[in-house]
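For reference, the structure discussed in these notes is given below.
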Amino acid sequence: MEINVHKKDNKYVFDLDGSLDIYTSLDLKSALEENVKESNVDVCINLEKLNYIDSSGIGILIKSLNYIQSLNGTMCVANLKPSIEKIFKVSGLTTYFEILTQEEFEKRYGNVIKQ
């Protein structure tokens, strides 16, 4: 999996490309902890290029949300493909995460990714 991080002010966007699974989930954890250390941050995990997620990936997203909330920050996920969105719905993750559409993502984070 490839992770690209964009930052502007207190906003972060993590673009994930590939698979978020048992082999790559700790990469996301490391990337978050290395980049996000201050409080009151606004983090978005962009799943537009994510092809696959397993239970380890789901677990690391929940741990990431807890980590960001411990910093008094907010975290959302954006641009879920239909197959990934189905997994989120079936596993009940839609009640934990704010999920943004492409349009909502562009409006809220467009200035972060277009630097």
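The set of residues from the range 73-101 being at positive phi and either of a type outside the set (S, T, N, Q) or over 13 Å from the mean Cα position of the chain (by Cα) (or both) comprises just one member, 92. Any residue at all in the range 41-49 that's surrounded by fewer than 19 Cβ atoms within 10 Å (Cβ to Cβ), under 19 Å from residue 1 (Cα atoms) and at pLDDT 95 or above? Looking through the range 41-49, at least one residue is surrounded by fewer than 19 Cβ atoms within 10 Å (Cβ to Cβ), under 19 Å from residue 1 (Cα atoms) and at pLDDT 95 or above.
A count restricted to the range 49-71 and to residues that are within 17 Å of residue 89 (Cα to Cα) and not in a helix (DSSP H, G or I) stands at 5. Could you tell me whether any residue of the range 85-100 is touching a Lys or Arg at 6+ places or on another chain (Cβ under 9 Å), modelled with pLDDT of 95 or more and among the charged types (D, E, K, R)? No - not one qualifying residue is present in the range 85-100. From the residues in the range 62-77 that are closer than 16 Å to residue 41 by Cβ and among the aliphatic types (A, V, I, L, M), which one is surrounded by the fewest Cβ atoms within 10 Å (Cβ to Cβ)? The qualifying residue surrounded by the fewest Cβ atoms within 10 Å (Cβ to Cβ) is 71. Condition first: under 16 Å from residue 44 (Cβ atoms), surrounded by 13 or more Cβ atoms within 10 Å (Cβ to Cβ), touching a helix residue (DSSP H, G or I) at 6+ places or on another chain (Cβ under 9 Å) and among the hydroxyl-bearing types (Ser, Thr, Tyr). Can you find one or more residues in the range 100-113 that meet it? Within the range 100-113 (the criterion being under 16 Å from residue 44 (Cβ atoms), surrounded by 13 or more Cβ atoms within 10 Å (Cβ to Cβ), touching a helix residue (DSSP H, G or I) at 6+ places or on another chain (Cβ under 9 Å) and among the hydroxyl-bearing types (Ser, Thr, Tyr)), the answer is no, since none of the residues qualifies.
Residue by residue, here is whether (1) part of a loop (DSSP other than H, G, I, E, B); (2) out of contact with any helix residue (DSSP H, G or I) (no Cβ under 9 Å at 6 or more places or on another chain); (3) basic (Lys, Arg); (4) under 18 Å from residue 74 (Cβ atoms) holds:
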| site | (1), (2), (3), (4) |
| --- | --- |
| 5 | no, no, no, yes |
| 19 | no, no, no, no |
| 23 | yes, no, no, no |
| 32 | no, no, no, yes |
| 47 | no, no, no, yes |
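Could you list, in sequence order, the residues of the range 4-22 that are crowded, with 18+ Cβ neighbours inside 10 Å and either β-branched (Val, Ile, Thr) or free of Cβ contacts under 8 Å to residues at least 12 places away in the same chain (or both)? Selection gives 13 alone.
Residue 46 falls short of the stated requirement of being closer than 23 Å to residue 35 by Cβ and either of a type in the set (Asp, Glu) or in contact with a Ser or Thr (Cβ under 9 Å, 6 or more places away or on another chain) (or both).
The values are calculated or read from the model by the stated rules, or taken from the named source; none is laboratory data. Since the structure is predicted, the reported quantities are computational estimates derived from the model, not experimental observations. Cβ atoms come from the backbone with ideal geometry, glycine included; neighbour counts cover every protein chain shown.
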